[in-house]
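In what follows, a structure is listed as structure tokens, so that the remarks can point back to it.
The values are calculated or read from the model by the stated rules, or taken from the named source; none is laboratory data. Quantities reported herein were computed from a predicted structural model and do not represent experimental measurements. With ideal geometry, Cβ positions are generated from the backbone for all residues, glycine too; neighbour counts draw on all protein chains shown.
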Amino acid sequence: MSGAVGKAVVVGFGLMGCDIAAVFLAGGWHVTAVEPDRAAWPERLDRVALSLDQLGARPARVELLDLVTTLADVGFADAGVVVEAVPERLDLKREVFAALDRLVPEGVPVASNASGFRITDIAEGCATRARMANLHFFLPAHLVPGVEVVQGEHTDPAVCDRLAEIMASLGRVPIRVARDVPGFLANRIQHAMVRECFHALDQGLASAEDVDNAVRFTFGMRLMGAGPILQKELAGLETQLAAARTIYPTLCNSAEPSPTLARLVAEGRLGAKTGRGVRDWPPEAVARERERYERMLRAALALLRQEG
């Protein structure tokens, strides 16, 4: 643990857990990760090493990582923060939090990386729920700098202050969310856009390729330089008001998912993981697109770092 600036415990060591661990390791923290499946350890360690390399951190940082199979093996006495990253099942997360409620010393922030469930519901019944919050990373967690810090109904605001401070010290951009609503902040904004994207497919307005190109090569490029509200302020809010009056009445406001989306899922066409989605996904295309995607994210991250 020599040279580490703190100890983080990551509970759950899938793709998200590996990348969260890499963020802490790159910042010089010692990490203890819980992964019950020992057979998966070599593959997960390879992922952490790759993520560290993409962050420009020495692969030797992996030496600051300890893997254990159960929460009982962790040793929480010197933990500075605990992040749960188990699969997105409410019953499983509640089970983990009930154990952390007992095992983690008081005063240590305990966070969930849940992307949909509220921390209020995950921590229900926990005696120490005041120190529990949501710390929502976005895949790939080591390359996407924004991290939502969500305050639950019972969370002490000082806990969110501490989590935001830790994230900022690791080069992340903490995004404070003051209320525990479904989807938090970023996913609510994202899903509003994606609903309209699938609605365009439903209506035959454009192909999937043209929908993607419309986002990537128009406003998508602008969004990295200026968020949507700043961009509209730079352009003039009166133009936004005029466009809203014209466009909003025709936008999709359905409370049900897109029929196209529902049909694809019903047919088992889930995308890259099943070989077919809107598009066909042979293995070589999956590898090529994932490599291109992460290369673009690394370039974007480098530009953002130049801006401070």
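For segment 69-105, the set of residues classified as small (Gly, Ala, Ser) and buried (at least 20 other Cβ atoms within 10 Å of the Cβ) consists of ALA79, ALA85, listed by residue number. Please specify each residue of segment 8-20 satisfying the condition of being buried (at least 20 other Cβ atoms within 10 Å of the Cβ) and closer than 17 Å to THR70 by Cα. Across segment 8-20, the qualifying residues are ALA8, VAL9, VAL10, VAL11, GLY12, PHE13, GLY17, CYS18.
Among the residues of segment 299-307, are any touching a strand residue (DSSP E or B) at 6+ places or on another chain (Cβ under 9 Å) and modelled with pLDDT under 95? Within segment 299-307, one or more residues are touching a strand residue (DSSP E or B) at 6+ places or on another chain (Cβ under 9 Å) and modelled with pLDDT under 95. For segment 144-160, enumerate the residues that are outside any helix (DSSP H, G or I) and either without any contact (Cβ under 8 Å) to a residue 40 or more places away in the chain or buried (at least 24 other Cβ atoms within 10 Å of the Cβ) (or both). If the condition is that a residue be outside any helix (DSSP H, G or I) and either without any contact (Cβ under 8 Å) to a residue 40 or more places away in the chain or buried (at least 24 other Cβ atoms within 10 Å of the Cβ) (or both), then VAL147, GLU148, VAL149, VAL150, GLN151, GLY152, GLU153, HIS154, THR155, ASP156 are the ones that fit. Of all the listed residues (MET193, MET224), the sole one being under 30 Å from ASP121 (Cβ atoms) and either in a helix (DSSP H, G or I) or of a type in the set (Val, Ile, Thr) (or both) is MET193.
Scan GLY183, GLY171, GLY146 and give me the residue that is outside the structural domain of GLY28 (by TED's automatic domain parsing) and under 29 Å from ARG47 (Cα atoms).
Working: GLY171 fails: outside the structural domain of GLY28 (by TED's automatic domain parsing); GLY146 fails: outside the structural domain of GLY28 (by TED's automatic domain parsing).
The conditions single out GLY183.
Candidates ALA302, ALA200: the one that is exposed (fewer than 13 other Cβ atoms within 10 Å of the Cβ), assigned to a helix (DSSP H, G or I), of a type in the set (Gly, Ala, Ser) and not assigned by TED's automatic domain parsing to the domain that holds PHE138 is ALA302.
Looking only at residues in segment 266-297 that are surrounded by 14 or more Cβ atoms within 10 Å (Cβ to Cβ) and within 23 Å of the chain's Cα centre (by Cα), which one is farthest from LEU50 (Cα to Cα)? The selected residue is GLY277. Looking at VAL62, VAL104, just one residue is touching a residue at least 12 places away in the same chain (Cβ under 8 Å) and under 22 Å from the mean Cα position of the chain (by Cα), and that residue is VAL62.
Specify which of the listed residues (GLY220, GLY227, GLY236, GLY271) is over 24 Å from PRO140 (Cβ atoms) and not assigned by TED's automatic domain parsing to the domain that holds LEU143. Step through it out loud before you land on a result.
Values: GLY220 fails: over 24 Å from PRO140 (Cβ atoms); GLY227 fails: over 24 Å from PRO140 (Cβ atoms); GLY271 fails: over 24 Å from PRO140 (Cβ atoms).
Result: GLY236 is the single residue among GLY220, GLY227, GLY236, GLY271 that is over 24 Å from PRO140 (Cβ atoms) and not assigned by TED's automatic domain parsing to the domain that holds LEU143.
Residue check: is ARG245 surrounded by 10 or more Cβ atoms within 10 Å (Cβ to Cβ) and of a type outside the set (A, V, I, L, M)? No.
Kindly establish whether GLU233 is of a type outside the set (S, T, N, Q) and part of a helix (DSSP H, G or I). Let's see the steps before the verdict.
Details: of a type outside the set (S, T, N, Q): yes; part of a helix (DSSP H, G or I): yes.
Taking the combined requirement at face value, the residue satisfies it.
Filtering segment 120-143 for residues that are assigned to a helix (DSSP H, G or I) and closer than 23 Å to GLY14 by Cβ leaves a non-empty set. Selection of segment 218-242 for residues being loosely packed, with under 11 Cβ neighbours inside 10 Å and within 22 Å of ARG305 (Cα to Cα) yields MET221, ILE229. Counting the residues of segment 115-135 that are of a type in the set (S, T, N, Q), out of contact with any Phe, Trp or Tyr (no Cβ under 9 Å at 6 or more places or on another chain) and under 26 Å from HIS191 (Cα atoms) gives 1.
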